[in-house]
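Asks: This is the structure I have questions about; it appears just below.
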Amino acid sequence: MNWFRWSSLQQFYPAAGKLIPWFASLAVAFMSVGLYQGFFVAPTDFQQGESYRIIFVHVPAAWMSMFLYVIMAGWAAAGLGLNAKPSFMMAQAVAPTGAMFTFLALLTGSFWGKPTWGTWWVWDARLTSELILLFQYLGFILLHGSIDDLRRADRASALLALVGVVNVPVIYFSVQWWNTLHQGASVSVTAAPKMATTMLAAMGLMALGFWMYSLAVTLMRMRCLTLERERHAAWIRGLEES
Amino acid sequence: MQWNSFGEFLAMGGYGLYIWPSFGMTALCMAWEVAALRVRRTAALRSLSRPAAGEEKAS
């Protein structure tokens, strides 16, 4: 088992290194086309004027904040279930990017709320649960950092991540469960989209770009974590400095 | 295209002050994250080639 764990990181490290430039290029490509589509093709909204264009960064960031939490919790669960260090490390690699997107979702939401609702912030269900998600990410990172024994840090923070996953459906359904100031879902699986196709395309492209960005950055962080945590392993010592 | 001039594009129908910080901060955060990871990688590689004595930590 021990041998397997070492060898899987050893294989993962160079494979991730090869994948990063591809994900990074795709991220740049999707975001470039998405921004063009969002600012030059998508029309002015008949209700909100130009202010709605914040949606092209707000909704993809909010989606990523939830997706990444679920992915992080999934790796945490795999780590606890299989007692596998690389899984714990993947959870660690996802967390800062998830926290960043949560922060951005809150910030861009604030910039959208001011002109449309007349306020930067309200304590309604959607905004509050998203703020709690930011604290969950920060708590996960801080808890891991505060425990010196990395094995215990891995297990404790993984448990915290797992417990916190209940907040994700709360965020998602908050606009249905409670009477919120936040508007309902713009896109859903069951209903027809409530947006023009050109707007939807811009949002979809930006979301794809954010996905590719997250993959690239997570793999970069996973490689850093590998270098830091496995530095006594023979194969790490044999790596060429580049 | 709905913009007749660059000034009109920047003004965003009066919402420029809300739209541009949203996109700007997103770009800034992403650029910062990538830069920070590059710095971290360089530091990790450097500490591999020059292992400091007594910096052992449970792994």
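Asks: If r is the Cβ-Cβ distance from A:PHE135 to A:LYS114 and R0 is 22 Å, what FRET efficiency results, to the nearest 0.05? All intermediate terms of the calculation are to be shown ahead of the outcome.
Replies: Details: r = 23 Å, r/R0 = 1.04.
Rounded to the nearest 0.05, the efficiency is 0.45.
Asks: Also, I was wondering about something else. If you plug each phi of the stretch A:215-227 into the Karplus form 6.51 cos²θ - 1.76 cosθ + 1.60 with θ = phi - 60°, what whole-Hz ³J(HN,Hα) values come out, in order, with x for Gly and Pro?
Replies: Working through the residues one at a time gives 4, 4, 5, 5, 5, 4, 5, 4, 5, 4, 4, 5, 4 Hz.
Asks: Turning to a different aspect of this structure: For B:24-33, what's the mean count of beta carbons from other chains sitting within 10 Å of each residue's beta carbon?
Replies: Details: counts 1, 6, 14, 3, 1, 7, 9, 0, 1, 7.
Taking the mean over all residues of the peptide, I get 5.
Asks: Calculate, in nm to one decimal, what A:ASP124 and A:ASN83 gain on full extension: separation in residues at 0.36 nm each, minus their alpha carbon distance. Working shown, then result.
Replies: On the way: separation 41, 0.36 × 41 = 14.76 nm, distance 3.92 nm.
Computed gain between A:ASP124 and A:ASN83 is 10.8 nm.
Asks: Something else now. Between the stretch A:87-130 and the stretch A:5-42, how many Å separate their Cα centres?
Replies: 22 Å
Asks: Output wanted: per-residue J couplings in Hz (rounded whole) for the stretch A:52-60, from phi through Karplus 6.51 cos²θ - 1.76 cosθ + 1.60, θ = phi - 60°, x for Gly and Pro.
Replies: Result, rounded to whole Hz: 4, 4, 4, 4, 5, 10, 5, 5, x.
Asks: Normalised by the empirical 2.2 N^0.38 Å for globular proteins, what value does the Cα Rg of the stretch A:51-139 take? Display every interim value, and only then the final one.
Replies: Working: Rg = 15.0 Å, N = 89, 2.2 N^0.38 = 12.1 Å.
Its radius of gyration relative to the 2.2 N^0.38 Å reference: 1.24.
Asks: Next question, about the same structure. When you look at the Cβ of every residue in A:52-59, what mean number of other chain Cβ atoms sits within 10 Å?
Replies: Values: counts 2, 7, 8, 1, 4, 7, 2, 0.
Average per residue, whole number: 4.
Asks: Another question, if that's okay. Beyond 28 Å, what percent of the Cα pairs of the protein assembly as shown remain? The partial results should precede the final answer.
Replies: On the way: 19726 of 45150 pairs.
Of all Cα-Cα distances in the protein assembly as shown, 44 percent exceed 28 Å.
Asks: Mind grabbing the base-10 log of I(q)/I(0) for the stretch A:3-80 at q = 0.17, 0.20, 0.25 Å⁻¹? Debye formula, identical points on the C-alpha positions, no solvent, two decimal places.
Replies: -0.90, -1.04, -1.17
Asks: Continuing with the same structure: Quick one: pull the percentage of alpha-carbon pairs in the stretch A:147-242 with a separation above 19 Å.
Replies: Numbers: 3176 of 4560 pairs.
Tail of the P(r) past 19 Å holds 70 percent of the pairs.
Asks: Per residue of A:221-233, how many C-beta atoms from partner chains lie within 10 Å of its own C-beta, taken as a mean? Working shown, then result.
Replies: Numbers: counts 5, 0, 4, 10, 2, 1, 7, 8, 4, 1, 8, 5, 1.
The shielding value for this peptide is 4.
Asks: Then there is this: What distance in nm separates the simple spin-label points at B:LEU10 and B:ALA35, each placed 7 Å from Cα in the Cβ direction?
Replies: 2.3 nm
Asks: To continue, here is another question. Cα convex hull of the stretch B:6-49: mean projected area in nm², to one decimal?
Replies: Values: hull surface 14.4 nm².
Average of the hull's projected areas for the stretch B:6-49 equals 3.6 nm².
Asks: OK, next. Sort A:141-154, B:2-15 by packing, meaning the average of other beta carbons within 10 Å per residue, with the highest value first.
Replies: On the way: A:141-154: 14.6, B:2-15: 13.1.
Answer by packing, highest mean first, reads A:141-154, B:2-15.
Rule-based calculations on the coordinates, nothing more; no lab input. Fair warning: this is a prediction, and the values are worked out from it, not measured in the lab. When we count neighbours, we look across all protein chains shown, and the Cβ atoms used for this are built from the backbone with ideal geometry, even at glycine.
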